[in-house]
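A short worksheet on the structure shown next.
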């Protein structure tokens, strides 16, 4: 089991009140304030208007899958920040998946995606998942056409440049979209003396050293890629404090703390605290000799990720901070990908097998596309969850830093550490033992059908006791539920997990005398978060973009050509069922399918709508059935005592007279009346049953206007569609197959007992090479990103 291993074999330290607060607070942070991070894997990197974006989401806390949060929100917005769609997805075993259909008339260059859980909103919004997806159109990219604005920023190691101490100053040059730019120039002091040159080492980043003297200031004089001249003033120098300097040496981090000459007398002792994933890794108590202290930290037993080293004075006031990246590659697992059957000809079948080593269950997502379309290889599940998702600000090409563990890449990655903000802790609050204010509790249960009754007083709600809900959705039967109401008006049924949109009618059966009742449904559902106007820029794969666009244009022509074509009629000979048999098959289930009943077909009864309500309709249709107006129940003529009247059902759910009396006859399709002796549904059934079915599909609009019942459209989890993958072994079509995503499967599961899966799919009509991308996570939080090309 992967776990954070705490380093304990260090120098002794004295626990004072602040130290105890830090120890206690960090422990509480690790236990109860772990911060989640999200990553989305898409079926491809760019899309055309009208296409569907398929995605798989992975959720982690620290280095492990997050199995607590149950709901993730995904906001889809245009380049102006306007929300296009707000999807809500259920999380199971730290993963989720879904889709978003791009409007056919969408004309912008990209769609911005923001993904988050409710828990993530309690913390810095910089750590929410954000991504710009390119939209393939003939429209010129507005970001490419805008004038580039070069930026140059400076970052003293440890946070501040300190007077009288040699300071390492790191710089980063980029445009307004975060893309690195090349620059050249020098750094001068206020006496016009050249201190050093600006030499870019990697992706616009580099460093130099200064040794500030009293009254000395510094400025950079530089030229951008177009030869334009600029001047940038360096951060001011602090006269008091400490400088923190660190070097990487194999599996060690060597660092030194040096006090300014003005602070040597006041800073003789420092606390050096190391944290990862909000947990304490080490705590050193160091005496400064001649104003300097040095230490070495072994890192081979640490988990991979961002190590934060913070220096405090003796009273635990923060003085300097430095982050470093630990890459021990223990986070990796490597599925074996084998091509069992290759078919690169038109509509040929392919089979790809995936084998996961070891005995740990894994959850993978697999995308197979035409290899010639554009590809975004700058970020993946590993680089996002372990690097870019942990830092503030845009990390350019984060996947590059995981190509290998070479010293050169480690040094380049250290420049990323020094030029990006990272502040998970407010140390002043931690020292005082204070914790973040939690506005949004974790969604540890799935979103269920719930609501809050507004209007009645507490005493009236107590009298009401319960609410009756009738749910109708397209292509499904109407369901009826009775749910208890709490004293505050809140009601919820954890078993009713709602997908898609439902038309909900509601009634309080004991609501006599209660007026102005309304219900706010799904009060725990978060609305969309206003998005910032994004800035997509071209990844540079112009050949792939052009090929993708050509295929899309041809596919559009195909759709127009085949639109309106009628398939040949297939004639089927069979025994024609009676209308009542058709209704019985369509509406009933289980014991309610019993044919030993009086059946009433209201769909084809021209006189049905002349009745004012179902009660009067039944009295005129079923012999021996009467209705007691005083007791408000149906009775059989042979038993006027009322003890064994028929049980009422609405769509096979037990209901009340109040509910069925509110339903217009025009909304009823079919009724079955079982005489005494029927056993089915709720209760003993000895009094028989009256089962009422509301109209569905071709029989009419279901429950479109129930007199006397309030109603609302209620949205729950976004409905999940299945990716279409043609099977040319059994079907064929004259329409040209120009799919660019040949296969997408967001739920490829392996177990210790079944660690190999085989996926089959068919080629389109034009592809001669394919790109297979596999991403995923296992039960222990190890990650994988594998690519294979089929040629």
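The values are calculated or read from the model by the stated rules, or taken from the named source; none is laboratory data. Keep in mind it's a predicted model, so treat the numbers as computed, not measured. Note that each Cβ is placed from the backbone with ideal geometry, even for glycine, and that neighbours are counted across all protein chains shown.
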Seminar exercise, completed: Given (1) surrounded by fewer than 20 Cβ atoms within 10 Å (Cβ to Cβ); (2) in a loop (DSSP other than H, G, I, E, B); (3) in contact with a strand residue (DSSP E or B) (Cβ under 7 Å, 6 or more places away or on another chain); (4) at pLDDT 90 or above, residue 441 misses just (3)
For this session: Report whether or not residue 544 is out of contact with any helix residue (DSSP H, G or I) (no Cβ under 7 Å at 6 or more places or on another chain), surrounded by 16 or more Cβ atoms within 10 Å (Cβ to Cβ), farther than 30 Å from residue 712 by Cβ and modelled with pLDDT under 70.
Result: no
Exercise. Going by the structure shown, is residue 299 touching a strand residue (DSSP E or B) at 6+ places or on another chain (Cβ under 9 Å) and over 26 Å from residue 239 (Cβ atoms)?
Worked result: yes
Exercise. If you scan the stretch 93-135, which residues turn out to be part of a helix (DSSP H, G or I), surrounded by fewer than 22 Cβ atoms within 10 Å (Cβ to Cβ) and in contact (Cβ under 8 Å) with a residue 12 or more places away in the chain?
Worked result: 121, 122, 126, 127
For this session: May I ask you to list the residues in the stretch 348-364 that are in contact with a strand residue (DSSP E or B) (Cβ under 9 Å, 6 or more places away or on another chain) and closer than 23 Å to residue 66 by Cα?
Result: 356, 357, 358, 360, 361, 362, 363, 364
For this session: Scan the stretch 744-751 and give yes if some residue there is more than 22 Å from residue 722 (Cβ to Cβ) and either within 20 Å of the chain's Cα centre (by Cα) or assigned to a strand (DSSP E or B) (or both), otherwise no.
Result: no
Problem set entry | Test for residue 397: is it surrounded by fewer than 18 Cβ atoms within 10 Å (Cβ to Cβ) and in contact (Cβ under 8 Å) with a residue 40 or more places away in the chain | yes
Seminar exercise, completed: Going through the stretch 255-268 in order, the residues found to be at pLDDT 95 or above and assigned to a strand (DSSP E or B) are 256, 257, 258, 259
Problem set entry | Unmet criterion (only one of (1) surrounded by 13 or more Cβ atoms within 10 Å (Cβ to Cβ); (2) outside any helix (DSSP H, G or I); (3) at pLDDT 90 or above; (4) out of contact with any strand residue (DSSP E or B) (no Cβ under 6 Å at 6 or more places or on another chain)) for residue 433 | (3)
Problem set entry | Failed item, numbered, when residue 416 is tested on (1) buried (at least 19 other Cβ atoms within 10 Å of the Cβ); (2) touching a helix residue (DSSP H, G or I) at 6+ places or on another chain (Cβ under 9 Å); (3) more than 24 Å from residue 310 (Cα to Cα) | (3)
Exercise. Among the residues of the stretch 688-703, which ones are at pLDDT below 80, more than 35 Å from the chain's Cα centre (by Cα) and surrounded by 14 or more Cβ atoms within 10 Å (Cβ to Cβ)?
Worked result: 695, 699, 700
Problem set entry | Every residue from the stretch 167-193 that is part of a loop (DSSP other than H, G, I, E, B) and in contact with a strand residue (DSSP E or B) (Cβ under 6 Å, 6 or more places away or on another chain) | 181, 183
Exercise. Just for the stretch 507-532: of the residues that are within 16 Å of residue 466 (Cβ to Cβ) and at pLDDT below 85, which one is farthest from the chain's Cα centre (by Cα)?
Worked result: 512
Exercise. If you go through the stretch 704-724, how many residues are at pLDDT 80 or above, assigned to a strand (DSSP E or B) and either closer than 21 Å to residue 453 by Cα or touching a helix residue (DSSP H, G or I) at 6+ places or on another chain (Cβ under 9 Å) (or both)?
Worked result: 4
Exercise. Residue 274: under 30 Å from residue 384 (Cβ atoms) and either within 42 Å of the chain's Cα centre (by Cα) or at pLDDT below 95 (or both), yes or no?
Worked result: yes
For this session: State all residues of the stretch 71-83 that are crowded, with 19+ Cβ neighbours inside 10 Å and either part of a strand (DSSP E or B) or modelled with pLDDT of 95 or more (or both); if no residue qualifies, say none.
Result: 71, 72, 73, 74, 75, 76, 77
Seminar exercise, completed: Pairs returned, first residue in the stretch 136-156 that is modelled with pLDDT of 65 or more, second residue that is part of a helix (DSSP H, G or I) and surrounded by 13 or more Cβ atoms within 10 Å (Cβ to Cβ), beta-carbon separation under 6 angstrom, 6 or more apart or interchain, are 136/548; 136/549; 136/552; 155/418
Exercise. Would you pick out the residues in the stretch 326-338 that are in a strand (DSSP E or B) and touching a strand residue (DSSP E or B) at 6+ places or on another chain (Cβ under 6 Å)?
Worked result: 326, 336, 337, 338
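Residue-by-condition table, conditions (1) surrounded by fewer than 21 Cβ atoms within 10 Å (Cβ to Cβ); (2) more than 28 Å from residue 544 (Cα to Cα); (3) in contact (Cβ under 8 Å) with a residue 60 or more places away in the chain:
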{"position": "740", "(1), (2), (3)": "no, no, yes"}
{"position": "753", "(1), (2), (3)": "yes, yes, no"}
{"position": "760", "(1), (2), (3)": "yes, no, yes"}
{"position": "769", "(1), (2), (3)": "yes, no, yes"}
{"position": "779", "(1), (2), (3)": "yes, yes, yes"}
{"position": "786", "(1), (2), (3)": "yes, no, yes"}
Exercise. Where in the stretch 580-641 are there strands (runs of 3 or more DSSP E), lying fully within it, with 1 or more residues that are touching a helix residue (DSSP H, G or I) at 6+ places or on another chain (Cβ under 6 Å), surrounded by 15 or more Cβ atoms within 10 Å (Cβ to Cβ) and modelled with pLDDT of 80 or more?
Worked result: 598-601, 625-628
Exercise. Limited to the stretch 343-378, what total is found for residues that are farther than 17 Å from residue 745 by Cβ and either free of Cβ contacts under 8 Å to residues at least 12 places away in the same chain or surrounded by fewer than 21 Cβ atoms within 10 Å (Cβ to Cβ) (or both)?
Worked result: 16
Seminar exercise, completed: Matching residues in the stretch 285-304 (within 40 Å of the chain's Cα centre (by Cα), crowded, with 21+ Cβ neighbours inside 10 Å and part of a strand (DSSP E or B)) number 1
Exercise. Among the residues of the stretch 660-676, how many are part of a helix (DSSP H, G or I), in contact with a strand residue (DSSP E or B) (Cβ under 9 Å, 6 or more places away or on another chain) and closer than 20 Å to residue 509 by Cα?
Worked result: 1
Exercise. For the stretch 21-44, does any single residue satisfy the condition of being surrounded by 20 or more Cβ atoms within 10 Å (Cβ to Cβ), in contact with a helix residue (DSSP H, G or I) (Cβ under 8 Å, 6 or more places away or on another chain), farther than 24 Å from residue 443 by Cα and at pLDDT below 90?
Worked result: yes
Problem set entry | Subset of the stretch 454-471 [modelled with pLDDT of 80 or more and either within 32 Å of the chain's Cα centre (by Cα) or outside any loop (DSSP other than H, G, I, E, B) (or both)] | 454, 466, 467, 468, 469, 470, 471
Exercise. When residue 734 is evaluated against the numbered criteria (1) at pLDDT below 95; (2) surrounded by 13 or more Cβ atoms within 10 Å (Cβ to Cβ); (3) farther than 19 Å from residue 52 by Cβ, which criterion, by number, is the only one it fails?
Worked result: (2)
